[in-house]
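Every number in this text was worked out from the coordinates using simple rules, so none of it is lab data. All values reported here derive from a predicted model rather than from experimental measurement. When we count neighbours, we look across all protein chains shown, and the Cβ atoms used for this are built from the backbone with ideal geometry, even at glycine.
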Amino acid sequence: MSDSSTSIRVFKYRLYPSKAQETNLYRVLNCARNLYNMALAERKYGYQLEGRTVKVADLEQLAKHYRAAFPYAEQMFSQTAQSVVKQVDLAFQAFFRRVRTGQKAGYPRFKSRNRFHSFAFKQYGNGVRIDGRRLKLFGIGRVPVRWHRPIAGIIKTVRILHSAGRWFAVFSCEVPHAPPMPKTGRTVGIDLGLSTLITTSDGEKVEHPHYYRAGQKRLRVLQRRLARTQRGSANRRKKLLAVQRQHAHVANQRADFLHKLSTALVRHYDRIALEELRVRNMVRNSHLSKSILDSGWSMFRQFLTYKAESAGRVTAFVDPAYTSKTCSNCGTLFQDFDLSTRWVECDCGLSLDRDHNAALNILSKTGWDASVNGNAAPLPPSQDEPQAHTSFRSPRL
Ligand SMILES: [Zn+2]
C-alpha cells in the first residue's frame, strides 16, 4: 500500500453536528458497540461452550445479520460493521500473542459505554466523503467541520471519535515525503531526564513545561468535585465531563509542546542519538513513574523519529546502560553515583552537569565519526538558508 517514498499521517478535526446529527452519531456508536460485544460473545462462548472456533468470515455474517435485524442498525455503514468485527478479531490476536510471549494476557473484554469511543469508515469515498466545507457521513448527514489546518495527501480511512463530550473526525492520509532538509553538519546526543526534560550533548537544557503541573493541580480540584457527586446524577455527568475536558486540555498542551521541540531538533541536527527507552521497567518504580509519564517520553521519541525520517535525518537509539555513571572524557566509572548526584567530577579533570555528561556518552555510543561532527566548526550555511544557530531554538515554555 505505502512504499518508502510515502508515509501515513493523521489529521484530526473537530465536528460540530446538529442535534439530529448527534443523535445519529450516538446511534451508530451504540450499534458499533453492541455489534462488538455480540461478536466477542460469539467468539468467547462458541469456544467455551461448544468448543468451536468462530472464524472472521462467521463474524462478518453476524455483522450482516445484525444490520438487517436490529433497530437503527442499518444506519451503521456496512464497512463500519466489518471494521468492528475486524477489531474483535484483532483483540483476540493480540491476546494470543501476549499469551505466547508470556506477557500479562488480559482476555478481550466487553465494552461498556465508557470504553467504546469510536467507529471507522475503512475506505474514503465509501460512506464518507468531504462535501464542500462539510463531511458527509452515511446514516448521519452532512456534518460541519472546523478545518483548522489544511489536510494533505490521499485520504485512506476516516475514524469518528467521541472524546470528552466532543466529536472528531480522524483522517489517515498517505503523504509523500518532503524533500530532505539541507544538511547542517551537526550531530547531537540527547539525555531524557526526570528533573530536566532534555539535555543535549551541547549542554543545552529544556525544562519540563510548567503548565503541566498547573494543569494537574486543576485536575485534582475537578476530581474532588466529581467525587462529591451522587452516582448516576445529572450533576455527576457534568462534573465528569469537566474532568475529561481537563485531561484532554493537558494532553493537547503536551503534544503541542513536544511537536515544537522535536521539529526544532530535527531542523537543527543531521544526526540525533537517544537512549533506548525501557518505559515498562521504569514505570514499575512508582516514585519515578509520574514524571516519566508526565513528560511523554515515548510521544517525544515517536514525533522525533517520524519527523527525522521524513526530513532525511538519521536517528540512533543506544543502550542506556552506564551512560550516567561513566566519565565522558576518560571512560572511568564514577563511584558513589546515585539519582541525587547532579554534578559529576572525575580525576581526569572533567567537571560537568550530570545530564550533559550522559548526553555526551549517548552520542559517543553511536560510534558516529566525530570528525564530520560540525558542532565546533559548523559547515558554511547554504545560500538560501538563514545563518544557522549554534544552539537549536527551543520552543517557549
Ligand atoms: Zn574522567
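Numbers below:
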{"quantity": "Gained length - residue 163 relative to residue 20, 0.36 nm times residue gap less alpha-carbon distance", "calculated": "49.6 nm"}
{"quantity": "Peptides 129-141, 28-40 ordered by average Cβ neighbours within 10 Å, highest first", "calculated": "28-40, 129-141"}
{"quantity": "The range 6-176 - convex hull of alpha carbons, volume per residue in Å³", "calculated": "140"}
{"quantity": "Unit charges on C-beta of K, R, D, E only; dipole of the chain, Debye", "calculated": "3060"}
{"quantity": "Projected area averaged over orientations for the chain, convex hull of C-alpha atoms, nm²", "calculated": "25.3"}
{"quantity": "Computed [θ] at 222 nm, helices only, for the chain once each DSSP H run of length n ≥ 4 contributes -39500 (n - 2.57)", "calculated": "-13500 deg cm²/dmol"}
{"quantity": "Packing-based exposure ordering (other Cβ within 10 Å, fewest first) of 330, 346", "calculated": "330, 346"}
{"quantity": "Hits among lysines - C-alpha to C-alpha of residue 325 under 22 Å, sequence gap 8 or more where chains match", "calculated": "205, 365"}
{"quantity": "Distant-in-sequence amide H partners of residue 316 (H built 1.01 Å from N, under 5 Å)", "calculated": "272, 273, 274"}
{"quantity": "Theoretical FRET efficiency, 1/(1+(r/R0)^6), r = Cβ-Cβ of residue 69 and residue 332, R0 45 Å, to 0.05", "calculated": "0.05"}
{"quantity": "Gaussian network model of the chain, springs between alpha carbon atoms under 10 Å - residue of 209, 320, 108 with greatest fluctuation", "calculated": "108"}
{"quantity": "Extension gain from residue 351 to residue 94, taking 0.36 nm per residue of separation minus the Cα-Cα distance", "calculated": "87.6 nm"}
{"quantity": "Partner lysines for residue 238 [C-alpha distance under 29 Å; skip if fewer than 8 residues away on the same chain]", "calculated": "12, 19, 111, 217, 290"}
{"quantity": "Bins of 5 Å from zero: percent of alpha-carbon pairs in the range 76-189", "calculated": "2, 9, 14, 17, 14, 12, 10, 9, 8, 4, 1"}
{"quantity": "GNM top mover of 220, 313, 267 - the chain, alpha-carbon springs below 10 Å", "calculated": "220"}
{"quantity": "Of 124, 13, 107, the one that fluctuates the most in a GNM where the chain has Cα springs shorter than 10 Å", "calculated": "107"}
{"quantity": "Integer Hz, Karplus 6.51/-1.76/1.60 couplings in order for the range 146-155, x for Gly and Pro", "calculated": "9, 7, 6, 8, x, 8, 10, x, 9, 6"}
{"quantity": "Nearby lysines by direct alpha-carbon distance to residue 55 (threshold 20 angstrom, same-chain neighbours under 8 apart not counted)", "calculated": "44, 64, 86"}
{"quantity": "Selected from 51, 331, 234, residue furthest toward positive end of dipole (the chain; charges at beta carbon)", "calculated": "234"}
{"quantity": "Free-standing Cys residues across the chain, given no other cysteine C-beta under 4.7 angstrom", "calculated": "31, 173"}
{"quantity": "Amide H contacts under 5 Å for residue 328, placed H, 5+ residues apart", "calculated": "none"}
{"quantity": "Placed amide H near residue 193: partners under 5 Å, 5+ positions off or other chain", "calculated": "198, 199"}
{"quantity": "Taking 334, 96 and counting other C-beta atoms within 10 Å, the order from fewest to most", "calculated": "96, 334"}
{"quantity": "Stretch gain in nm, segment residue 306-residue 174, where the contour uses 0.36 nm per residue and the Cα spacing is subtracted", "calculated": "46.1 nm"}
